[in-house]
Amino acid sequence: MPASRTRGRAAHPGSDNGPVSTTAQNLPRVRASELVGRGWLNTGGRSVTLADLRGKAVVLDFWTFCCINCLHVLDELREVEEQHRDELVIIGVHSPKFEHEADPDALAAAVERYEVRHAVLDDPELVTWGAYTARAWPTLVVIDPEGYIVAQMAGEGHGSAIAALVSDLVAEHAAKGTLHRGSGPYVPPAPASGTLRFPAKALALPNGNLLVADAGHHSLAELEPDGETLVRRIGSGERGLVDGGPGEARFSEPNGLCLVPDDLTASLGYDVVVADTVNHALRGVRLADGAVLTVAGTGRQFMVGGQENVCGRAGEPASAYEPGTTVAPLDLRLSSPWDVAWSPVRGAFVVAMAGNHTLWEVDLLQGSANLLAGTMNEGLEDGPGESAWFAQTSGIVPSADAEGRPDGHLWIADSETSSLRRVELSDGVDGAPAATVRTAVGQGLFDFGHRDGAADQALLQHPLGVATLPDGSVVVADTYNGAVRRYDPATAEVTTLARDLAEPSDVLVEIADGGVRLLVVESAAHRITRVALPASLAGEVLDGGAHRVARPATDVGAGTLRLDVPFAPASGQKLDDRWGPSTSLQVSATPPELLLSGAGNGTDLFRALVINPEVTEGVLHVTAKAASCDEVPLLPNGEPDPDVFPACHLAQQDWGVPVRVVPAGDSELTLPLRG
């Protein structure tokens, strides 16, 4: 029996909980599969078996370090992990998407970078992934202290459900005598030292120094022009969201940096805008004294669907986040802002919002913010901003013409599609779209590699940074290829400028002594590296091969395929339909001809798809969301307690399911959102 079939209730269409799913009820208990992989991290060198974990509640977190949703889940789990340190063991099962992520050294660096404080199984061959029938990053599996699977859920937004389930398991098994308290297999690594720790982005300051987003130290580091000597640090170095002077302010994995235009600094009162990624905020920094101020964001993550975390008091409909709607910057929920750039055309700062695959514009002078481009669906779709799809917008920089003059548009490193995108901006008059998106390099979510040459055939691998050269060509920090690449719009050709770098995450262009040099942020090497370019700015033409995401295909039959996305609210919660339907399901396919019918949007978490017998293989793209809300206790008179403000929660996931159409294929496909 597949591990996705778990015991528990699932609501049926027409029930009080609404149209959720139909799933077999009262299924027999399923034993958890053994944990098999290449090795372990954070265990002091020892392997871990399920027998070692008997007596503990266990959460398996199937993740991959490129995935922003997986990083969100790491943050969601921190609190429950600390709360139940003696009864709960979290095991990260690293199941790589990109080739680079299968490198054990890269995984070790990622575990350190993201402060993963639990044991991690390295599963590059997806053995344990397959044993638990995981189909998406992230997937969470809960195992009880007797070794049985009790729940499986995909996507982010399950933190409260995990906490409630773990509390129930602890109480149940403490009463049964099957709970064993005490330390788990986690062994903390030795502390690291150095001026920089996983630097993310860099900015050239007017005084000639460099300002570096020192993500691993949760602070900003100002360096002398040599890129090594520390001048000062802004931020205490402790993870948090605190405003104040340079010694008391706190950041959480800051990334993008942008200078405020000279004519705005006096009015705004700060000189640099920082994308404070894990705090879901923009921060303003005054260089004169290092003071830090939060200028956008509430400090809490926006979840697709617009559900706020406090119902009745600050509930906000999804329409507040639709195109054309303006939100005050400090009321706006951001989602992992990764980079920021100033746009004179729009008169605003443009924010690459990696967490929900969008671009936002924030006018910090007038106090307004609105969605600029992206539908919050994950993928590679060009066109007007309101219909374009991105996937983890990460690096952003103004573009220039062949003479090096800014032309008012933007280049975007769209990391999960391994692509370089161009965003053409307008003032929006006469009905022109504010933004139009075009792909220069990149094939989509599942294709990547290191291939130079014609742009329509060239391949990148999870790029995070971009810069513009004096001739208007574009430099790309091709992070997972360990390279710096160049795209020339005049010839539509891609070349390699530098390689054998340690996860380059940003690039600055430096013109000195008549020549051009690149300042490369080598994140995994914790340093800034200078690379001299030839006068022609040309590079090598390399072909390191093409790759596709390697996951087993699901065999399906031609004709009707029943798609079921089980979801049940956590204990003490109910579905939340105050702002409209509480659930949604979106289905599409690559190629589109794979589906004869069943594509499109709906509110039921189940659908009859019709598979085309003439198409032998493809990918089903499924996006599911379900909003739930804590139940409010009732007063003796039967009325809800007005002093209780229940928390609301949104579970969501995008699946890309490779399928193969075969005569004896399955007629049902189950993708548990929460089962």
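Quick rundown of the values:
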read-out	value
Check on Leu497, at pLDDT below 95 and either in a strand (DSSP E or B) or at positive phi (or both)	no
Considering residues of segment 578-599 that are within 18 Å of Arg674 (Cα to Cα) and not β-branched (Val, Ile, Thr) only, the residue farthest from the chain's Cα centre (by Cα)	Pro581
Subset of segment 335-346 that is of a type in the set (A, V, I, L, M) and assigned to a strand (DSSP E or B) - its residue that is surrounded by the fewest Cβ atoms within 10 Å (Cβ to Cβ)	Ala341
Search result, residues across segment 253-285 that are surrounded by fewer than 19 Cβ atoms within 10 Å (Cβ to Cβ), not hydroxyl-bearing (Ser, Thr, Tyr) and not in a loop (DSSP other than H, G, I, E, B)	Leu259, Asp262, Asp263, Leu264, Ala266, Leu268
Hits in segment 513-526 - residues which are buried (at least 17 other Cβ atoms within 10 Å of the Cβ) and in a strand (DSSP E or B)	Val516, Leu518, Leu519, Val520, Val521, Glu522
Among the residues listed as Ala502, Ala435, the single one being crowded, with 23+ Cβ neighbours inside 10 Å, touching a strand residue (DSSP E or B) at 6+ places or on another chain (Cβ under 8 Å) and among the aliphatic types (A, V, I, L, M)	Ala435
Set Arg135, Arg38: member being modelled with pLDDT of 95 or more and over 13 Å from Tyr186 (Cβ atoms)	Arg38
Residue in segment 474-493 that is more than 14 Å from Gly395 (Cα to Cα), among the charged types (D, E, K, R) and in contact (Cβ under 8 Å) with a residue 60 or more places away in the chain present	no
Test for Thr623: is it within 25 Å of the chain's Cα centre (by Cα) and either surrounded by fewer than 20 Cβ atoms within 10 Å (Cβ to Cβ) or farther than 22 Å from Gly130 by Cβ (or both)	yes
Only one of Leu259, Leu268 that is under 23 Å from Ala467 (Cα atoms), assigned by TED's automatic domain parsing to the domain that holds Val340 and in contact (Cβ under 8 Å) with a residue 60 or more places away in the chain	Leu259
Cross-chain or 6+ apart pairs with Cβ under 7 Å, segment 584-605 first and within 12 Å of Val622 (Cβ to Cβ), then aliphatic (A, V, I, L, M) and loosely packed, with under 14 Cβ neighbours inside 10 Å	Gly598/Ala608
Val509, sole failed condition from (1) buried (at least 18 other Cβ atoms within 10 Å of the Cβ); (2) on the phi < 0 side of the Ramachandran plot	(1)
Residue list for segment 365-396, restricted to those being among the small types (Gly, Ala, Ser) and touching a Lys or Arg at 6+ places or on another chain (Cβ under 6 Å)	none
Check on Ala161, of a type outside the set (Phe, Trp, Tyr) and part of a loop (DSSP other than H, G, I, E, B)	no
Count - residues of segment 406-432 that are surrounded by fewer than 24 Cβ atoms within 10 Å (Cβ to Cβ), touching a residue at least 60 places away in the same chain (Cβ under 8 Å) and aliphatic (A, V, I, L, M)	0
Options Ala647, Ala626; residue that is under 23 Å from Pro138 (Cβ atoms), in contact (Cβ under 8 Å) with a residue 60 or more places away in the chain and in contact with a Leu (Cβ under 7 Å, 6 or more places away or on another chain)	Ala626
Those residues of segment 168-198 which are within 22 Å of Glu631 (Cβ to Cβ), surrounded by fewer than 21 Cβ atoms within 10 Å (Cβ to Cβ) and touching a residue at least 40 places away in the same chain (Cβ under 8 Å), in sequence order	Asp168, Val170
Given (1) surrounded by 21 or more Cβ atoms within 10 Å (Cβ to Cβ); (2) modelled with pLDDT under 95, index of the condition Gly299 fails	(1)
Residue match in segment 476-485 (condition: surrounded by fewer than 22 Cβ atoms within 10 Å (Cβ to Cβ), over 21 Å from the mean Cα position of the chain (by Cα) and either aromatic (Phe, Trp, Tyr) or modelled with pLDDT of 95 or more (or both))	no
Residues of segment 347-373 classified as assigned to a strand (DSSP E or B), buried (at least 24 other Cβ atoms within 10 Å of the Cβ) and small (Gly, Ala, Ser), total	3
Total residues in segment 451-474, condition over 23 Å from the mean Cα position of the chain (by Cα) and within 18 Å of Ala538 (Cα to Cα)	13
Qualifying residue in segment 597-606 (condition: assigned to a loop (DSSP other than H, G, I, E, B), modelled with pLDDT of 85 or more, among the β-branched types (Val, Ile, Thr) and surrounded by fewer than 18 Cβ atoms within 10 Å (Cβ to Cβ))	yes
From Ala550, Ala477, Ala498, residue being closer than 30 Å to Pro672 by Cβ, small (Gly, Ala, Ser) and out of contact with any Cys (no Cβ under 7 Å at 6 or more places or on another chain)	Ala550
Enumerated helices (runs of 4 or more DSSP H) restricted to segment 29-134, each holding at least 3 residues that are in the same structural domain as Val170 (by TED's automatic domain parsing) and among the small types (Gly, Ala, Ser)	104-113
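The values are calculated or read from the model by the stated rules, or taken from the named source; none is laboratory data. Please read all numbers here as calculations on a predicted model, not as lab measurements. Cβ atoms come from the backbone with ideal geometry, glycine included; neighbour counts cover every protein chain shown.
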